[in-house]
Amino acid sequence: MKSAGSREKFIQILKQVIAKFSEVQLAYLFGSYAKGRAIPISNFAVLTVNASSHILHVHLKQKINKLAGL
């Protein structure tokens, strides 16, 4: 299991990345990262609400993966 510090670090990275996308109206983290039960092979699950969700999803995923070292 990843530590609570890892979870908090991931949430901070997520907030930083999402803040760069003004078109994001709402972001919701769910799954193992949100519950604090992520393990090294866990992926992250984020719901974003905006007008062009597919394009934004790809960009967000790339940036989060890079910053979080995933």
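The values are calculated or read from the model by the stated rules, or taken from the named source; none is laboratory data. Every value quoted in this text rests on a predicted model; they were computed, and no experiment measured them. Here Cβ is always computed from backbone atoms with ideal geometry, including for glycine, and neighbour counts include all displayed protein chains. Accessible surface is based on the protein model in full, side chains and every heavy atom, while ligands, DNA and RNA are left aside. Shrake-Rupley method; radii C 1.70, N 1.55, O 1.52, S 1.80 Å.
Go through segment 34-54 and give me each residue that's within 19 Å of L67 (Cα to Cα) and open to solvent by 80 Å² or more (accessible area, probe 1.4 Å).
Correct list: P40, I41, N43, L47.
Within segment 12-33, which residues are loosely packed, with under 12 Cβ neighbours inside 10 Å, over 10 Å from the mean Cα position of the chain (by Cα) and part of a helix (DSSP H, G or I)?
A19
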